[in-house]
Amino acid sequence: MANVIVVTSGKGGVGKTTTSAAFATGLALRGFKTVVIDFDVGLRNLDLVMGCERRVVYDFVNVINGEGNLNQALIRDKRVDDLFILPASQTRDKDALTLEGVERVIQELKQRFDFVICDSPAGIEQGAIMAMYFADEAVVVTNPEVSSVRDSDRIIGILSSKTYRAVHNLEPIKEHLLITRYAAKRVNQGEMMSAEDVQEILAVPLLGVIPESPSVLQASNAGIPVTLDTHSDAGQAYLDVVARFLGEERPQRFIHSKRSFFSRLFGT
Amino acid sequence: MSFFDYFLATRKNTATVAKERLQIIVAHERGQRGTAKFDYLPLLQQELLEVVRKYVAIQDDQIKINIEKDGSYEVLELNIALSETDKKIQK
Ligand SMILES: Nc1ncnc2c1ncn2[C@@H]1O[C@H](COP(=O)(O)OP(=O)(O)OP(=O)(O)O)[C@@H](O)[C@H]1O
Ligand SMILES: [Mg+2]
């Protein structure tokens, strides 16, 4: 049976869509049949980041309303086998999603895929709750910055109280912390909270850190999930994250910057 | 202390400040989240008051209701103070 994973954060613009695209691509590269759903109804972006914006015909809301079926709406990725995208609607608002409709679509996808990745919209309201409601696991995306960490803590509270698993007293959603836009150098200089600091505050197991990297923008410019850029540090970090998610051991090679000769000399 | 350390020490380590501020605010907000599930307390207090009043004449402020956290479990504490005259009625 498929695993449903929500990528969530509370705060906007922290890297949920980048992560959803990179993570889904990474899972598919490992041979798992993976679909990634854009829950950001009205503000769809996943199609752009994945480079399939011109192939969108039917969307998630069409499928829920029975205006098109899943086969018509699912977009098969041209680069990676076993990778599919279910785009959000651009013209409706978030109220177009209903719990019954979302449940029906997710149930159908679970029959056909190994992993269902849900790219959550920002916020802590209905749209974000829809995206997490049927999840088995959650990737909580956080930047090492005060407002992002605080919002993540609120999202963690909602994951454990307002989701299907919480409401039905089932085993809780398995949470993973992913710290993105991480600048190890600034951490060394005491300008940015370290991964350990953030992990200690949120008390969720750390899946990994993704470095702040110019290659993320370049990848999204070109519509290529960053995991497909083999020269990108962020892409490598996402591949590590996928491996760890699948239970493999990988060293945390992006948490600490290599200290320069200069800084060692002066003991800073 | 090296020459460079001096400059670094005068510039406060803002990451540490961020962490300390977050630990305080997050603990506070988690505390409030915990009490949200007890938002039925005022109503419970009101209904209990009505039940007790069937037998004893008491004022609103003679009933106190409270939730105490004791390790891993919570204790619902109910305190009804009866004045001397009320006790006589009870007999
Ligand atoms: N590791 C990174 N390094 C540099 N830039 C990044 C990184 N991760 C994300 N970004 C940039 O941050 C911006 C926001 O990313 P993204 O759209 O993935 O966030 P989001 O959480 O999905 O936003 P929203 O809440 O609006 O849906 C984008 O411009 C993206 O290129
Ligand atoms: Mg997004």
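Coordinate-derived values only; no laboratory data. What you see is a predicted model, and the numbers here were worked out from it, not measured in a lab. Glycine also receives a Cβ, built like all others from the backbone with ideal geometry; neighbour counts cover every protein chain displayed.
What list of ³J(HN,Hα) couplings, whole Hz, do you get for region A:53-67 from phi and the Karplus terms 6.51, -1.76, 1.60, once you set θ to phi - 60° and write x for glycine and proline?
Rounded to whole hertz, the list is 4, 8, 9, 6, 10, 9, 10, 3, 5, 4, 5, 4, 7, x, 7.
Using the charge dipole of region A:126-268 (Lys, Arg: +1 at Cβ; Asp, Glu: -1 at Cβ; taken about the Cα centre), state which of A:VAL139, A:VAL187, A:GLY127 has its Cα farthest towards the positive end.
After comparing all options, I get A:VAL187.
Can you list residues whose amide H is under 5 Å from A:GLU175's amide H, if they're 5+ apart or on another chain and H is modeled 1.01 Å from N?
A:ALA138
Can you list the residues, at least 5 places off or on another chain, whose amide H is less than 5 Å from the amide H of A:ARG181, using H built in the peptide plane?
Residues meeting the criterion, in which the H sits 1.01 Å from N, are A:ILE210, A:GLU212.
Mean-square fluctuation check for chain A, GNM, Cα pairs under 10 Å: which of A:SER20, A:SER152, A:SER160 is largest?
Of A:SER20, A:SER152, A:SER160, the Gaussian network model singles out A:SER160 as fluctuating most.
Sequence gap at least 6, Cα distance under 8 Å: using those rules, report the relative contact order of region A:44-127 to the nearest whole percent.
Values: 76 pairs, mean separation 21.7, N = 84.
Here the relative contact order equals 26 percent.
How would you order A:104-114, A:41-51, A:8-18, A:59-69 from highest to lowest mean count of nearby Cβ atoms within 10 Å? Intermediate results must be reported in sequence, preceding the final value.
Values: A:104-114: 16.0, A:41-51: 21.1, A:8-18: 23.7, A:59-69: 17.8.
By packing density, highest mean first, the sequence is A:8-18, A:41-51, A:59-69, A:104-114.
Would you mind giving the mean number of other chain beta-carbons within 10 Å of the Cβ of each residue in A:189-202, as a whole number?
4
Calculate the dipole size of chain A relative to its Cα centre from +1 charges on Lys and Arg beta carbons and -1 charges on Asp and Glu beta carbons; express the result in debye to the nearest 20.
Details: 29 positive and 34 negative charges, 121 e Å.
Once rounded to the nearest 20, the dipole reads 580 debye.
Apply the Karplus curve 6.51 cos²θ - 1.76 cosθ + 1.60, θ = phi - 60°, to the phi angles in region A:240-251 and return the couplings in whole Hz, x for Gly and Pro.
Working through the residues one at a time gives 4, 4, 4, 4, 5, 4, 7, x, 8, 8, 9, x Hz.
Simple spin-label model, 7 Å along Cα-to-Cβ: A:HIS256 to A:SER161 in nm?
3.9 nm
Mind checking the mean number of beta-carbon atoms from other chains within 10 Å of the Cβ atoms in A:147-153?
On the way: counts 1, 0, 5, 5, 0, 1, 7.
That average works out to 3.
Please work out, to two decimal places, the log10 of the ratio I(q)/I(0) at q = 0.09, 0.12, 0.18, 0.21 Å⁻¹ from a Debye calculation in which every Cα of region A:144-268 carries one identical scatterer.
-0.33, -0.56, -1.09, -1.25
Around A:GLY123, which amide H atoms from residues at least 5 apart in sequence, or from another chain, sit under 5 Å from its own amide H, with H modelled in the peptide plane?
Amide H neighbours of A:GLY123: A:GLY10, A:LYS11, A:GLY12.
Comparing A:LEU228, A:LEU86, A:LEU217, which has the greatest mean-square fluctuation in the GNM of chain A with Cα pairs linked when under 10 Å apart?
It is A:LEU217.
Within a Cβ distance under 9 Å of A:ALA2, other residues only, what is the Lys/Arg minus Asp/Glu net charge?
Spelling it out: positives minus negatives among the neighbours equals +1.
Which percent, nearest 5, of DSSP beta bridges in chain A are antiparallel?
5 percent
I'd like the Karplus ³J(HN,Hα) series for region A:76-81: coefficients 6.51, -1.76, 1.60, θ = phi - 60°, whole numbers in Hz, and an x wherever there's a Gly or Pro.
Each residue's phi maps through the Karplus curve to give 7, 5, 7, 9, 10, 5 Hz.
Quick one: grab the alpha carbon gyration tensor of the protein assembly as shown, order the square roots of its eigenvalues as a ≥ b ≥ c, and give me rounded if a/c is under 1.5, else prolate or oblate depending on whether a/b is larger than b/c.
Working: a/c = 2.93, a/b = 1.36, b/c = 2.15.
Taking the square roots of the gyration eigenvalues as a ≥ b ≥ c, the protein assembly as shown is oblate.
Rounded, prolate or oblate: which fits region A:35-143, taking a ≥ b ≥ c as square roots of the Cα gyration tensor eigenvalues, rounded meaning a/c under 1.5, else prolate when a/b beats b/c?
Taking the square roots of the gyration eigenvalues as a ≥ b ≥ c, region A:35-143 is rounded.
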